[in-house]
Amino acid sequence: MLSMTHAQETYSVNDLLATAQHLNNSLRTTQKWDVRDDRTTAALVKCRKGLPLLRPDHPMLTAVLLVISETLSRRFEALGEIADINDSIIFLGESLTISPSSQDGYIDDEDDLHAAALSLNVMGDALTSRFMHSKNSEDVDAAIDNYRMALALSSPDNPTHLQRRMELANVLFLRFNEHGRREDLDEFIQLERELVSSSETEPDEDGTYRSLALRLIRLGNLLALRYTNSGMITFKAKGQIEDIDGAIDRLREAIACLSGGNDLLDEGETHGSLAPILNLLGDLLISRHRKLGLIVDLEQATESYEKALALLPNNDERRPRYLRDLAGSLRLTFREKGQIEDLDGAIDRMREALACLSNGIDPADKGETCISLGFLARFLDARFRCTGERADLDEAIRCRYQAMELDPTKRYSALDNLSNHFFALYLVTRDVSGLE
């Protein structure tokens, strides 16, 4: 009788391991495996019932627990049942209790280190998934702790080390978005700096430096975010000039990566990537000009906006906005230098933007048209005050009326602007009829 029981147990353990192996293979198949079908449920039931047959020191116990956990996580992603991710985290917790990472002392076996780091990393993934569902701040805090421990156990030479740094960075930014903690953004930026440094020496598999360019762009955006007191930040940003300097430098490096030495990239793909970066660079240079008052920043911003615009197809929906950015830069240049040619250029660009909008590039967007009409009216008024050309003021007044017709909700602000235009006309003509 005892021998029969032993035979049944041996068979059951083998059957459990075979089922777990099948689940593992299915999860990693090149074709998307539907975890919602009955086969998954049956396999999970079988694995759960068979788990008590594995001794605590069984060499495959951790692997089976991880497979069950990953399957439950996948099913949670597919169906959104909170019980699945809760159970997944419980099984992961059990795997960590038998992992070397939970034992006292130094872990010097490379396989044990890898297994411990893997379990911690998967736990971080599961906690992040549950946080995205329930928004429980304890989950995102615990996820960060697990990612930190996984990273600490990973050798810098291990191919997974880079991926784990990226995962820690992403969840730090996730917590920053939720709670606005400055230290999370600071650490995220530091991790991004390290990722950029690790990408500077080796090209991608296709021989390009696309990954480096993307990380430089991301780092540039982060530094710009920390510099500006945007709506995403709930603390008061310091506005340190070092951040905007760094953002500008990183974007320039990204532009160099995308515009030079990338013969393998499709021209349209390269242009599509470069245009928004060049436009963002212009925005940052304008911000630094407002901070420091350097004319060179203003000139380089205008040049950057022009390059971005030149890369856009004529029917691109971004053209009106890019033209407006360029016009604004030219208007600022006119204020600094006093050269009427810059103001003429700003007016021409705004007329071009309005032509794009009227041609349906940005269809049915009355808001964009109203904004552009307001810019054009302001620039025409400025030129009228310089040259006294009555036609400019008449056109500015027509722009205000058109904007008011498109959006009656802005009637009062439009009337205020119109009164300013009519007063400017009175100062030149001394005709009071326009003031009535």
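All of the numbers you see were taken from the coordinates with simple rules; none came from a lab. Since the model is a prediction, treat every value here as computed from it, not as a measurement. Every residue, glycine as well, gets a Cβ built from its backbone with ideal geometry; the counts of neighbours run over all protein chains shown.
Relative protection proxy for 249-256, 135-142, from highest mean packing down: 249-256, 135-142 (other beta-carbon atoms within 10 angstrom).
By the count of neighbouring beta-carbon atoms within 10 Å, fewest first, MET149, MET166, MET123, MET132 end up ordered MET132, MET166, MET149, MET123.
With neighbours defined as other Cβ atoms within 10 Å of a residue's Cβ, the residues PHE188, PHE384 order from fewest to most as PHE384, PHE188.
Taking the beta-carbon count within 10 Å as an exposure proxy, list THR333, THR97, THR71 from fewest neighbours to most.
Least crowded to most crowded, the residues run THR97, THR333, THR71.
I'd like the distance between the alpha-carbon centres of the range 272-325 and the range 31-73, rounded to an integer number of Å. Taking the Cα centre of each part, the range 272-325 and the range 31-73 sit 54 Å apart. FRET efficiency for the pair GLU81 and GLN339, taken as 1/(1 + (r/R0)^6) with r the Cβ-Cβ distance and R0 = 60 Å, rounds to 0.35. Were the residues from ASP394 through SER155 laid out at 0.36 nm apart, the gain over their Cα-Cα distance would be 79.0 nm. Summing Lys and Arg as +1 and Asp and Glu as -1 over all other residues whose Cβ lies under 15 Å from the Cβ of ALA83 gives a net charge of +1.
A simple spin-label model places pseudo-atoms 7 Å from Cα toward Cβ; at ALA355 and SER198 they are separated by 5.0 nm.
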